[in-house]
Amino acid sequence: MIQAKLQSFTVYESALMRTTSTVVDTPDAILLIDPTWLPEEIATIRRDIELNRHDRPLYVIFTHHHFDHIIGAYGFTDATTIASQAFVEADSSDQLKEIHEFYEEYYIDRPIQKPDIDIVIQPNQTLSLGSIPVTFISTPGHDATHMSVLIESMNLLICGDYGSNIEPPFIEHDPSDYLDTLQTLQSLVYEHEIRWFVPGHGDLCDNRSAMIQRLSAAEEYILALPHERHWSSSWPEHSFFDRVHERNREMVAQKETDRRSRQQDY
């Protein structure tokens, strides 16, 4: 379904995990960020793009290689694809396996493949897609391949799996990097006067104070690990999140053990 439709962009929301796909409409190009999840949802996004495309080039941008953010790539094989260098180099076999298991469980017959990338992004690179400069910000922590998308002329920040109002941080790469990324995103919100903040899961945010509140809540949560559970009221209680929390605690504890081991080696 369409979560939000504005003059310059549309946020689509999947029925699964409230995952978002964003279509950005510029005078001479169309950008699609993270096509997801279900075949009918992918078909709707594709239809809407084609109804308004008028021969403009289509770019598909992947914020990171997690399966729920690449699952719909099959629907846009004619597009120019964009992702980070880390995305290209990553072993995504586990992600493809998750897509396969999901499709098998629900009798879905769609292609399963990691998208080939046409434009490989270096950290914090700016490209002109059509006439619009787009900056790709390296934002590891949730995942090593992760980048966020800044369109300064629209005051638009599409931050992938950060800044959600419905789920706590999923630390699947490195907690220190995650904290650094939260600081980076907060700085971007202020420095570029972000008006529209799109998370990979949950609601578009159009209030700068609320953007900072979301990012600060994530920061406070991570700093409280691994010793205690520290939920923000911004996130609902959920049994799945309990399991995520335990994985987060284990990740932070292991990183702390590794850090102390390195100090002893010196």
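The values are calculated or read from the model by the stated rules, or taken from the named source; none is laboratory data. Everything numeric in this text was worked out from a predicted model, so none of it was measured. Cβ coordinates were reconstructed from backbone atoms using ideal geometry, including for glycine residues, and neighbour counts include every protein chain displayed.
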Check your understanding: Restricting attention to segment 48-104, which residues are of a type in the set (S, T, N, Q) and over 15 Å from Asp161 (Cβ atoms)?
Key -> Asn52, Thr77, Thr80, Thr81, Gln85, Ser92, Ser93
**Study point:** Output for segment 105-123, where each listed residue is charged (D, E, K, R) and surrounded by 10 or more Cβ atoms within 10 Å (Cβ to Cβ)
**Key:** Arg110, Lys114, Asp116, Asp118
**Study point:** Counted residues, segment 140-178 - those being crowded, with 21+ Cβ neighbours inside 10 Å, on the phi > 0 side of the Ramachandran plot and in contact with a strand residue (DSSP E or B) (Cβ under 7 Å, 6 or more places away or on another chain)
**Key:** 2
Review point. Does Thr19 satisfy the criteria of being surrounded by 17 or more Cβ atoms within 10 Å (Cβ to Cβ), of a type outside the set (Asp, Glu) and under 21 Å from Asp203 (Cα atoms)?
Key: yes
Check your understanding: Are there any strands (runs of 3 or more DSSP E) wholly within segment 9-74 with 1 or more residues that are small (Gly, Ala, Ser), and if so which?
Key -> 20-26, 29-33
Review point. Any residue in segment 192-206 that is within 18 Å of Pro140 (Cα to Cα) and at pLDDT below 95?
Key: no
Exercise for review: For segment 1-15, name all the residues that are of a type in the set (Ser, Thr, Tyr) and under 14 Å from Ile42 (Cβ atoms).
Suggested key: Tyr12, Ser14
Check your understanding: Within the set of pairs 6 or more residues apart or between chains, which connect a residue that is within 10 Å of Phe67 (Cα to Cα) inside segment 92-114 to a residue that is of a type in the set (D, E, K, R) and at pLDDT 95 or above with Cβ atoms less than 8 Å apart?
Key -> Ser92/Lys114; Gln95/Lys114; Leu96/Lys114
**Study point:** So Glu219, is it in a helix (DSSP H, G or I), acidic (Asp, Glu) and surrounded by 11 or more Cβ atoms within 10 Å (Cβ to Cβ)
**Key:** yes
Review point. Out of all the residues in segment 216-266, which are under 17 Å from Tyr162 (Cα atoms) and among the β-branched types (Val, Ile, Thr)?
Key: Ile222, Val244
Check your understanding: Are any residues in segment 1-51 among the acidic types (Asp, Glu) and either closer than 24 Å to Arg110 by Cα or touching a residue at least 60 places away in the same chain (Cβ under 8 Å) (or both), and if so, which ones?
Key -> Glu13, Asp28, Asp34, Glu40, Glu41, Asp48, Glu50
Practice item. Filter segment 129-139 down to the residues that are β-branched (Val, Ile, Thr) and over 12 Å from the mean Cα position of the chain (by Cα), then identify the one that is surrounded by the most Cβ atoms within 10 Å (Cβ to Cβ). Key: Val134
Review point. What number of residues within segment 182-208 satisfy the criterion of being among the β-branched types (Val, Ile, Thr) and touching a helix residue (DSSP H, G or I) at 6+ places or on another chain (Cβ under 9 Å)?
Key: 2
Study note, to complete from the structure: All conditions in (1) touching a strand residue (DSSP E or B) at 6+ places or on another chain (Cβ under 9 Å); (2) modelled with pLDDT under 95 are true of Thr181 except (2)
Revision key, fill the gap. Screening Ile194, Ile171 for residues that are in contact (Cβ under 8 Å) with a residue 60 or more places away in the chain and closer than 26 Å to His65 by Cα leaves only Ile171
